[in-house]
Amino acid sequence: HRLLLENAEQLVLVCGRREPYLRRDGAAGLSVLRTASLVVGLDGCIKAVGQADVIRNQFSEATFERIIDCSGKCVLPGLVDAHTHPVWAGDRVHEFAMKLAGASYMEIHKAGGGIHFTVEHTQKATEDELFSTLQHRLGRMLRAGSTLVECKSGYGLNLESELKMLRVIERAKKSMDIGISSTFCGAHAVPKGKTATEATDNIINNHLPKLKELKLSGEIHVNNIDVFCEKGVFDLESTRRILQAGKDIGLQINFHGDELHPMKSAELGAELGARAISHLEEVSDEGIVAMARSKCAAVLLPTTAYMLRLKQPQARKMLEEGVIVALGSDFNPNAYCFSMPMVMHLACVNMKMSMNEALAAATINAAYALGKSDTHGSLEVGKQGDLLIINSSRWEHLIYQFGGHEALINYVIVKGKVVYENERCETMNSY
């Protein structure tokens, strides 16, 4: 066997009956084992989870590549970041000052800043430049506990630059330990000099057929289709056309909706069978009910509402209506946050989620939003051995400590292989 984690003070399974997601009632009873051990096989999958003495007897004859004593520590599933934009050049640190002085997101966007500024720099950057910054950013996400990350294109806007971004994501998929779900977000903004309708036609007639061709030849495997459905960007009808065309070539629908204005995006997503919708700060009551009914995940992004001083997404109302709530960092030049522990903390404080709900939202439900909850998001036999060991005797420290993950996360493990080992934890108690 590859790995034995022994004698953890707490082993947080998240769920234990192969649930594809947890709604509010399920997250309340998060499964936690005490004095527990876990075994990962050479195939990278979890072979056994249970009481330490039972596992010790069961595996008394087995050999392991690595044994980690987890006494006084907690084991949790690797975190899943359900929404990021990690491939770009041209940071927007200068715009942060403008925002602090009161400029709105759309004012900056209309003045040629925002997405357009990053697009200009990303179009000029070489593939190697983009790959090297992506590697660095994903490395930081991994060290903050994310083992599966959704990565979007969307700062290219023309076919050539979008494909450049998708190739960079594909390279990271093949060469890095972190798990990646890739998203084509060519409809992230309307390119300069085009109308929304022209941009929509271009994506449907040129971009998507090319993606289909590259998928068949095995060069690029995209998982999801995304559109920024927003007033002044892509309206409901354009959004519908693009999402449907993406679905027709086998992509999961996972898009930006109801962020700055109520657009009826949630209703549209439910109708099209979307897997997930992100943002939803301005979602309607009908939209919430429709998402609950269609099992469409809500990917909430507390960092965005915090940094843009928007009203917070209505997490409590969604949870009470039975929506599957997931979390993402929305890492991008406008919301520069790599850390899902910080996202969970903000979700609890600003969106009034419980710690159990936030952890479920950053593990099993975020995996569900990416169509991966059969293999990721909980510590169950048969699932991929992606997990964290934290240097604390209670798992809640992962959320309670705001920005403290640098000295708290002791090990990050992907497929049973230690991909990050934090020496600081050995010399330092996390309290």
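For the structure I just gave you, tell me whether residue 33 is surrounded by 15 or more Cβ atoms within 10 Å (Cβ to Cβ), within 25 Å of residue 2 (Cβ to Cβ), of a type outside the set (Phe, Trp, Tyr) and modelled with pLDDT of 95 or more.
Considered against the rule, which asks whether it is surrounded by 15 or more Cβ atoms within 10 Å (Cβ to Cβ), within 25 Å of residue 2 (Cβ to Cβ), of a type outside the set (Phe, Trp, Tyr) and modelled with pLDDT of 95 or more, residue 33 comes out as yes.
Quickly run through segment 315-365 and pick out the residues that are over 13 Å from the mean Cα position of the chain (by Cα), over 30 Å from residue 118 (Cα atoms) and not aliphatic (A, V, I, L, M).
Residues satisfying the conditions are 316, 317, 320, 321, 322, 348, 352, 354, 356, 357.
What are the residues in segment 293-309 that are open to solvent by 10 Å² or more (accessible area, probe 1.4 Å) and within 25 Å of residue 25 (Cβ to Cβ), if any?
Hits for segment 293-309 are 293, 294, 295.
Considering only residues that are surrounded by 15 or more Cβ atoms within 10 Å (Cβ to Cβ) and hydroxyl-bearing (Ser, Thr, Tyr), look in segment 99-127 and name the one that is nearest to residue 161 (Cα to Cα).
122
When the residues of segment 7-30 are narrowed to those that are touching an Asp or Glu at 6+ places or on another chain (Cβ under 7 Å) and charged (D, E, K, R), which ends up surrounded by the fewest Cβ atoms within 10 Å (Cβ to Cβ)?
18
Any idea how many residues of segment 199-220 are open to solvent by less than 70 Å² (accessible area, probe 1.4 Å) and in a helix (DSSP H, G or I)?
Counting residues in segment 199-220 that are open to solvent by less than 70 Å² (accessible area, probe 1.4 Å) and in a helix (DSSP H, G or I) gives 12.
Given the conditions (1) over 20 Å from residue 6 (Cα atoms); (2) more than 18 Å from the chain's Cα centre (by Cα); (3) surrounded by 24 or more Cβ atoms within 10 Å (Cβ to Cβ), and given that residue 406 satisfies all but one, which numbered condition is not satisfied?
(3)
Taking residue 244 and the conditions (1) open to solvent by 50 Å² or more (accessible area, probe 1.4 Å); (2) touching a residue at least 40 places away in the same chain (Cβ under 8 Å), which numbered condition does it fall short on, given that it satisfies the others?
Failing condition for residue 244: (2).
Of the residues 385, 416, which single one is crowded, with 18+ Cβ neighbours inside 10 Å and within 30 Å of residue 250 (Cβ to Cβ)?
385
In segment 388-403, what residues are closer than 19 Å to residue 140 by Cα and either touching a Ser or Thr at 6+ places or on another chain (Cβ under 9 Å) or open to solvent by less than 40 Å² (accessible area, probe 1.4 Å) (or both)?
Listed by number, the residues that qualify are 388, 389, 390, 391, 398, 399, 401, 403.
Which fully enclosed helices (runs of 4 or more DSSP H) of segment 95-196 have 3 or more residues being modelled with pLDDT of 95 or more?
Result: 115-124, 127-143, 159-175.
Could you list, in sequence order, the residues of segment 55-98 that are assigned by the TED database to the domain that holds residue 302, exposed (fewer than 13 other Cβ atoms within 10 Å of the Cβ) and small (Gly, Ala, Ser)?
Scanning segment 55-98 gives a single hit, 97.
Somewhere in segment 255-276, is a residue in contact (Cβ under 8 Å) with a residue 60 or more places away in the chain, part of a strand (DSSP E or B), touching a Lys or Arg at 6+ places or on another chain (Cβ under 7 Å) and open to solvent by less than 40 Å² (accessible area, probe 1.4 Å)?
No, that holds for no residue.
The values are calculated or read from the model by the stated rules, or taken from the named source; none is laboratory data. A quick note: this is a predicted structure, and the numbers were derived from the prediction, not measured. Cβ sites come from the backbone with ideal geometry, for glycine too, and all protein chains shown count toward neighbours. Just the protein is used for accessible areas: all its heavy atoms, side chains included, with ligands, DNA and RNA removed. Shrake-Rupley method; radii C 1.70, N 1.55, O 1.52, S 1.80 Å.
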